[in-house]
């Protein structure tokens, strides 16, 4: 790669971006002008509303006898000095209180009834749909509540000679705050900063990434750019750096803008200065110095991720449809870190977005754990490298870059016009899986709530029938799409080693995940109780056999088969299939290890070129769970499986056994360890 060419292309991309008036408005005008104006406007409106609510005069009518009227009049007059409430007594010209209030002639009516010569029950007539009337009602209620407390206190004082001693405070409560003013301030900033930074990066990246990727497709300039004598790698890296630079520029302006707002709030708001007092900004210099390179890495990661998505889109509208769910997921990850009060640990330090949000919180609370900082930086670098790798692969594949996108949707074409033996498009995948997810979860979930075990059966039937019927309607080549090739003996033997090795490692991994995330284990407990509903043999059929048929048809059949035939790199095909398969389980704990299981199953169907092998794997894997649930006595003679959480030595032994079984499976299946090479293994379909 020639970096001089990259520099030239980067300069060209930046020049094009800054020529766009829309970019200047979004990147400069909004953070520097609009944000402060919106903030000042909201402050002024709020303060004016509060001031107006106390200074405004409220028209009140009193319906009572003379003695009660005098009491109510006195209370309303005293409210001006006590609460700064302004009431004007107005005589009603009608007994239709509702009509008077609706016409804004009066704001509220107080009806007082005497009780043995004293002020009795009070009824307040108002309208909650009218702001002034509703505010007036709440003020009147406060006045009378205060009067009630005054009467009660006087009665107790008259009845009890030692009233003062009885009502004196029995003890005083004092507190000592060990947090410094810097830590308190840092806690407040640390709760806001992740949201502000992630949203700023997303706004900056998404706008530019769409424009220089799919935007160029629509303008027809991307094809021209690819034809010039420049390496595709140099083009995509220049676009990547342009997106990152602009996003960092946007982030800097947003930080500057919000910093000015925060400075104004602290120095103008009495509450803020009283609660936090003076603090040293120098204390936060290490936090800022660590945060700057971290945000650069995070911006690079988001840039590569958005470009991956946008390069696959056919239009700007389609790209925005793809990017919006991504933005929601990233914001939700930040919200989980800030709002759920998660405790930073080694596992969270590996999860994208969540790790950066938690680290920023710790940094501004002046917590500097070198191990956690290094782990977050390392994980973010790996995430960025993976995203950049995927971005370059997508850009280098013209079949992906200039694919038909969601326009390949075939369902609403006449079946008589369809060709025999065709392959579904990307649009078919999206529609079919959205439909399948919705029906299997909502219909199957509802039936599961009402009838228990039957819901699982219905869900599996939906997962099986939707792709099969869809494939039949669009006249697909079933043998090619679903990889319906006869299994070879070596693959059948190899898959036995694969499944037992994977089951041992996944069970071990799942045990530790439950220990690390105990709250996430609740859904697994629900699954275990559902398995126990049906009995041993029915559970073997429903939990073991049906998913081996239905889920393999949908995921290693329709999804994997479509991607395989779209000339998408096999590694990308495997990863997408595994992630969608894991997401289908709708369980965060399962998502982690089902993804690993899905990658292995994707490799198995690639290596064996037969969906029947993955169906065998799926059948045995799920059946083992049922057997352990119902026939735990069969395992009593296996000492390593007696402890719920195995010790270190048992863990190492189990891990060694699992890995050994996987290696044997690879050897028996005649794996050449070349699945990511450009050569085509014999007998396998790579188109």
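The values are calculated or read from the model by the stated rules, or taken from the named source; none is laboratory data. Since the structure is predicted, the reported quantities are computational estimates derived from the model, not experimental observations. Counting neighbours? That spans all protein chains shown, and the Cβs are built from the backbone with ideal geometry, glycine included.
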**Message:** So for the stretch 363-385 (the condition being in contact with a helix residue (DSSP H, G or I) (Cβ under 9 Å, 6 or more places away or on another chain), at pLDDT below 75, surrounded by fewer than 14 Cβ atoms within 10 Å (Cβ to Cβ) and part of a helix (DSSP H, G or I)), does at least one residue qualify?
**Reply:** no
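Need a quick list: helices (runs of 4 or more DSSP H) entirely within the stretch 163-265 having at least 3 residues that are in contact with a helix residue (DSSP H, G or I) (Cβ under 8 Å, 6 or more places away or on another chain) and surrounded by 14 or more Cβ atoms within 10 Å (Cβ to Cβ).
Ranges flagged: 181-212, 214-219, 221-227.
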**Message:** Restricting to the stretch 339-361, name every residue that is part of a helix (DSSP H, G or I) and crowded, with 20+ Cβ neighbours inside 10 Å.
**Reply:** 348, 349, 354, 355, 356, 357, 358, 359, 360, 361
**Item:** Those residues of the stretch 55-74 which are more than 14 Å from residue 91 (Cβ to Cβ), modelled with pLDDT of 90 or more and surrounded by 19 or more Cβ atoms within 10 Å (Cβ to Cβ), in sequence order
**Value:** 58
**Complete:** A careful count of residues in the stretch 546-589 that are touching a residue at least 12 places away in the same chain (Cβ under 8 Å) and not in a helix (DSSP H, G or I) gives 7
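Matching residues to (1) surrounded by fewer than 19 Cβ atoms within 10 Å (Cβ to Cβ); (2) closer than 27 Å to residue 547 by Cβ; (3) at pLDDT 85 or above:
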position	(1), (2), (3)
614	no, yes, yes
634	yes, yes, no
656	yes, no, yes
677	yes, no, no
**Request:** Run residue 593 past the list (1) crowded, with 23+ Cβ neighbours inside 10 Å; (2) closer than 22 Å to residue 546 by Cβ; (3) in contact (Cβ under 8 Å) with a residue 40 or more places away in the chain and report the number of the one that doesn't hold.
**Result:** (1)
**Message:** Given the options 481, 465, name the one that is within 17 Å of residue 549 (Cα to Cα), in contact with a helix residue (DSSP H, G or I) (Cβ under 7 Å, 6 or more places away or on another chain) and either assigned by TED's automatic domain parsing to the domain that holds residue 540 or modelled with pLDDT of 90 or more (or both).
**Reply:** 481
**Asked** Counting just the residues of the stretch 266-313 that are outside any helix (DSSP H, G or I) and more than 30 Å from the chain's Cα centre (by Cα), which one comes out modelled with the highest pLDDT?
**Response** 280
